[in-house]
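Peer 1: Pasting a structure here, questions to come.
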Amino acid sequence: VKAQVSGAEPLERKVKRDITVPKSAEDEKFPFKLVGVGLPYHHGNGEITRRMLWNQERGCPYMYMNPADYSEHGSPEKVKLETPFGSVEINIGKVDDCPYEIPHGVLIVPVHYPECRKLFDINPDDSGNISPGFLKARIKQ
């Protein structure tokens, strides 16, 4: 979808971006790397997003995973996602809805939802910024 912005060149609203995580995150107990991200059209802590018509059929919260990993795990609709800091029952989002190219072994959750934030140890950095970064994770069906 292209949008015109005050006479400027058209912009792509959905641009796929690469995600990279360090190899040092590899762990047999937690084989996935979980990345917390912000997504377009999400609002605040997820309360408004939950009421949006486009989001009601998706269910909340949700995560994205690499299509090959998804198939390898039996194409589940919902899984239990665990990190060293917490766990949550979570729906699997459609990979076509995700604005990122997801590498093998990487899981993505939108951190707008409080349920997803509890998976991370989120603390302000030296600059006062809060970023969930990435963690080791595992899924159970």
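The values are calculated or read from the model by the stated rules, or taken from the named source; none is laboratory data. Fair warning: this is a prediction, and the values are worked out from it, not measured in the lab. Methodologically, a virtual Cβ is constructed for each residue, glycine included, from the backbone with ideal geometry; neighbour enumeration extends over all protein chains shown. Calculation scope for accessible area: heavy atoms of the full protein, side chains included, ligands and nucleic acids excluded. Shrake-Rupley method; radii C 1.70, N 1.55, O 1.52, S 1.80 Å.
Peer 1: Which whole-Hz couplings ³J(HN,Hα) result when phi for each residue of segment 85-97 is put into the Karplus expression 6.51 cos²θ - 1.76 cosθ + 1.60, θ = phi - 60°, listed in order with x for Gly and Pro?
Peer 2: 9, x, 8, 7, 7, 9, 6, 9, x, 6, 4, 5, 7
Peer 1: Show me the GluC sites (Glu not before Pro) within segment 61-111 that DSSP assigns to loop and that have at most 14 other Cβ atoms within 10 Å of their Cβ. Don't skip to the answer; put the middle values down first.
Peer 2: Working: sites: GLU72, GLU77, GLU82, GLU89, GLU101; in loops: GLU77.
Listed in order of number, the matching sites are GLU77.
Peer 1: Hey, what's segment 79-121 come to in accessible area per residue, 1.4 Å probe, Å²?
Peer 2: 40 Å²
Peer 1: Which of the pairs LYS94/LYS118; LYS94/LYS136; LYS33/LYS80 have their Cα atoms more than 18 Å apart in this structure? The partial results should precede the final answer.
Peer 2: On the way: LYS94/LYS118 22 Å; LYS94/LYS136 22 Å; LYS33/LYS80 15 Å.
With Cα atoms farther than 18 Å apart: LYS94/LYS118; LYS94/LYS136.
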